[in-house]
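Step one of this worksheet: look at the structure below.
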Amino acid sequence: VFRASGLTTLPSILLIGPSGSGKTSLLTLFERGTQAAQTHTSQAPIAVECDLPVGKTASSARYRSEHDPANLTTKKFLLIDTPGHGKLRHHALDNLTNPQNLRGIIFLVDAATLSAGDEGLRQTADYLHDILLILQKRMESSSGKKPKEIPLLVAANKMDLFTALPAALVKSSLEAEITKVRTSRSKGLLDSGIGMEEDGEKDDWLGEVGSKDFKFAQMEEFDVLVEVSGGNVAGGEPVTEKWWRWISERL
Ligand code: GTP
Ligand code: MG
């Protein structure tokens with residue numbers, strides 16, 4: 001296959017999430033295919049070329065016949081890992097505001113740190129709120145041609161740990177906590193006087209205006225499809241089937 005400008009033309013999947021959720025571990029697992037490598041907290045983004053494993057057919061190839069030679073070539077994509085540390089998140093945001101053939105975002109969370117009252121829950125909801133707001137604004141601000149939709153998978157990692165919440169609870173806990181973030185952000189804006197002019201305040205409201213509770217489904221209006229599913233990268237036999245399927249459907 002001829003590629004004019006190298007890796008940048010490959011479809012890419014962006015890995016975002018709080019520090020320690022397992023992003024770099026996931027990257028090494030998907031790159032090697034067998035086992036995640038030891039990691040250190042990341043200070044810079046990394047991008048690796050991955051192959052969609054055999055047996056998982058990309059959606060663009062779904063209607064081809066079994067004997068079509070195009071099915072024999074594995075589908076490649078670029079997986080981009082970003083640092084989760086609060087001071088290094090501009091790397092993730094750069095990739096979001098200037099996406100190059102971006103097909104989806106995997107927001108990886110540590111499902112064992114999301115119990116009610118856990119500091120991890122607040123920090124995770126905070127970060128996810130900001131990412132979703134960027135995606136919402138990207139859709140709202142575009143006049144004329146609508147930008148391509150960017151689906152987001154909340155991957156609930158570390159399911160091997162007995163303290164991990166099941167995916168359905170990860171979903172409802174994050175929705176409830178994002179509701180709180182959304183309320184406190186809008187109060188903060190009112191108190192500071194920022195966003196008072198015209199509909200500045202409305203612009204920074206995530207999801208449905210006037211809704212009491214935030215739900216991920218409210219993002220559909222902005223062409224942001226959010227799904228939540230569980231798995232584990234390390235801690236024994238990796239379980240990543242659902243995440244692979246999600247990726248394969250976006251290539
Ligand atoms: P930053 O680079 O700081 O943003 O963190 P990160 O999201 O890249 O986390 P990293 O991949 O470095 O993983 C953090 C720790 O979690 C490592 O010790 C991993 O071995 C561990 N870890 C990752 N995935 C799993 C998992 O599924 N189960 C368990 N038990 N541990 C995991
Ligand atoms: Mg990392």
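The values are calculated or read from the model by the stated rules, or taken from the named source; none is laboratory data. Bear in mind that the values here come from a model prediction, so they are computed numbers and not experimental data. As a convention, Cβ positions derive from the backbone with ideal geometry for all residues, glycine included, and neighbour counts pool all protein chains shown. Accessible surface is based on the protein model in full, side chains and every heavy atom, while ligands, DNA and RNA are left aside. Shrake-Rupley method; radii C 1.70, N 1.55, O 1.52, S 1.80 Å.
Values as computed for the structure displayed
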{"read-out": "Top-ranked residue of segment 139-172 - restricted to ones that are out of contact with any helix residue (DSSP H, G or I) (no Cβ under 6 Å at 6 or more places or on another chain) and closer than 17 Å to Arg122 by Cβ, ranked as surrounded by the fewest Cβ atoms within 10 Å (Cβ to Cβ)", "value": "Ser172"}
{"read-out": "Selection from segment 147-172 of residues that are more than 15 Å from ligand 1 (Cβ to nearest atom) and basic (Lys, Arg)", "value": "Lys148, Lys171"}
{"read-out": "Conditions (1) within 22 Å of the chain's Cα centre (by Cα); (2) modelled with pLDDT under 90; (3) assigned to a helix (DSSP H, G or I): number failed by Lys148", "value": "(3)"}
{"read-out": "Residues within segment 118-142 that are hydrophobic (A, V, I, L, M, F, W, C) and over 22 Å from Val170 (Cα atoms), tallied", "value": "1"}
{"read-out": "Checking Val239 against (1) loosely packed, with under 15 Cβ neighbours inside 10 Å; (2) within 17 Å of Leu165 (Cβ to Cβ); (3) among the aliphatic types (A, V, I, L, M), the condition it does not meet", "value": "(1)"}
{"read-out": "Segment 19-42 - residue that is β-branched (Val, Ile, Thr) and either closer than 21 Å to Lys75 by Cα or in contact (Cβ under 8 Å) with a residue 60 or more places away in the chain (or both) and, of those, surrounded by the fewest Cβ atoms within 10 Å (Cβ to Cβ)", "value": "Thr34"}
{"read-out": "Selected residue (criterion: nearest to Pro238 (Cα to Cα)) from residues of segment 28-53 that are out of contact with any helix residue (DSSP H, G or I) (no Cβ under 9 Å at 6 or more places or on another chain) and within 14 Å of ligand 1 (Cβ to nearest atom)", "value": "Leu29"}
{"read-out": "Hits in segment 72-86 (condition: open to solvent by less than 40 Å² (accessible area, probe 1.4 Å) and either modelled with pLDDT under 90 or part of a loop (DSSP other than H, G, I, E, B) (or both))", "value": "Thr82, Pro83, Gly84"}
{"read-out": "Among residues of segment 217-249, those that are among the hydroxyl-bearing types (Ser, Thr, Tyr) and under 9 Å from Ala155 (Cβ atoms), counted", "value": "2"}
{"read-out": "Residue, least open to solvent (accessible area, probe 1.4 Å), within segment 87-101, restricted to residues that are in a helix (DSSP H, G or I) and charged (D, E, K, R)", "value": "Asp94"}
